[in-house]
Amino acid sequence: MTGAEFQPIEDRLDERLRDYWLDRVRMHTQDSYAGIGMSKFPEDLRTYDHLLWETDANVVVEIGTQFGGSALWFRDHLVAFARYRPRLPRPLVISLDLDQTTARDLISQVDPDYESTICLVPGDVRDASSAIAIKQEVPPGSRCLVVEDSAHTYETTSMALSHFSSLVPSGGCFVVEDGCVDIEEMRLDDAWPRGVLPALDDWLATSASSGFERRRDLERYGLTCHPRGYLQRKGVIRAAEDRYCTFCGLRMALRS
Ligand SMILES: C[S@@+](CC[C@H](N)C(=O)[O-])C[C@H]1O[C@@H](n2cnc3c(N)ncnc32)[C@H](O)[C@@H]1O
């Protein structure tokens, strides 16, 4: 958006929410982090901050690296939190994509030493060997947050859930991104794929999902690209006081 196109919020208050949504979703595909392309709503990034903290995650497994901006964002936020909880294993982002050439190039330009904290794995989410390769990278004792952000089709969503849900520990989260593609009024472009929410609903109806619950309340900032996509594995994070996060109700781990 150019300066001339920018409209302050007070001039937009009569706009329909749907028009505002379409504007925001158009904008988020042009966004970046540290100069690297990253397609995330600020509202969803704040939710991720809460999830990383409240689920005690030290590892993010991301499916769909693209330019690498989101891998870098997750890494930086895990590293920031590691300062406050040194008892956890080292922070690490493990990110999968069909081809990692561009992400390697872009991330190394801003952080030449990225490889100790970001592991870029080439591979296909539909291929079980990709999950095996990723599991081998997870440091012992880690707690993973899994983010599915690949092709947003029925097949890739199903495969991501089947191959990667076992990485989510008790109390941890699996986020299936961009379910907005399956809600007609939220679609920006006819070229958008479809199949995320049908695949997710079908998986939730199987016994493989029995440990998980859908957390619609985590969509609390209102605008999200991931409607119906926030899942949590039931169970407490670990023996903890009976304290609950005021943001999302996740049971909080006892912090020393
Ligand atoms: C929406 S982009 C990821 C955006 C990035 N996570 C971000 O937030 O900026 C989707 C990525 O998934 C990758 N992808 C598509 N199909 C895939 C598959 N079968 N396995 C792994 N990655 C795939 C694409 O190459 C593309 O880079």
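The values are calculated or read from the model by the stated rules, or taken from the named source; none is laboratory data. The model shown is predicted, which means the values in this text are computed figures rather than measured ones. We place every Cβ from the backbone using ideal geometry, glycine too, and count neighbours over all the protein chains shown.
Listed values, structure above:
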item	result
Condition broken by Asp217, with the remaining ones in (1) touching a residue at least 40 places away in the same chain (Cβ under 8 Å); (2) in a helix (DSSP H, G or I); (3) farther than 18 Å from Glu148 by Cα; (4) not β-branched (Val, Ile, Thr) satisfied	(1)
Residue list for segment 161-188, restricted to those being of a type in the set (A, V, I, L, M) and in contact with a helix residue (DSSP H, G or I) (Cβ under 9 Å, 6 or more places away or on another chain)	Leu161, Leu167, Val175, Val176, Val181, Ile183, Met186, Leu188
Residue that is nearest to the ligand (Cβ to nearest atom), among those in segment 76-95 that are touching a Pro at 6+ places or on another chain (Cβ under 8 Å) and under 14 Å from Val138 (Cα atoms)	Leu92
In segment 24-75, residue farthest from Pro169 (Cα to Cα) [restricted to those that are acidic (Asp, Glu) and within 13 Å of the ligand (Cβ to nearest atom)]	Asp31
Long-range neighbours under 7 Å by Cβ, at least six apart or interchain, first residue farther than 30 Å from Asp76 by Cβ within segment 9-33, second of a type outside the set (Val, Ile, Thr)	Arg12/Tyr20; Arg18/Glu185
Subset tally (residues that are part of a loop (DSSP other than H, G, I, E, B), surrounded by 13 or more Cβ atoms within 10 Å (Cβ to Cβ) and of a type in the set (Gly, Ala, Ser)) for segment 181-206	1
Residues within segment 12-37 that are more than 21 Å from Thr65 (Cα to Cα) and assigned to a helix (DSSP H, G or I), tallied	8
Test: residue in segment 70-86 that is assigned to a loop (DSSP other than H, G, I, E, B), surrounded by 15 or more Cβ atoms within 10 Å (Cβ to Cβ) and in contact (Cβ under 8 Å) with a residue 24 or more places away in the chain	no
Condition met for Asp111 (closer than 27 Å to Gly229 by Cα, charged (D, E, K, R) and either touching a helix residue (DSSP H, G or I) at 6+ places or on another chain (Cβ under 8 Å) or touching a residue at least 24 places away in the same chain (Cβ under 8 Å) (or both))	no
Leading residue by the ranking (surrounded by the fewest Cβ atoms within 10 Å (Cβ to Cβ)) among those in segment 207-253 that are of a type in the set (Asp, Glu) and at pLDDT below 95	Asp242
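To keep it simple, each residue is scored yes or no on (1) in contact with a helix residue (DSSP H, G or I) (Cβ under 8 Å, 6 or more places away or on another chain); (2) within 12 Å of the ligand (Cβ to nearest atom); (3) assigned to a strand (DSSP E or B); (4) at pLDDT 95 or above.
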{"site": "Gln136", "(1), (2), (3), (4)": "no, no, no, yes"}
{"site": "Val146", "(1), (2), (3), (4)": "yes, no, yes, yes"}
{"site": "Ala151", "(1), (2), (3), (4)": "no, yes, no, yes"}
{"site": "Ser158", "(1), (2), (3), (4)": "yes, yes, no, yes"}
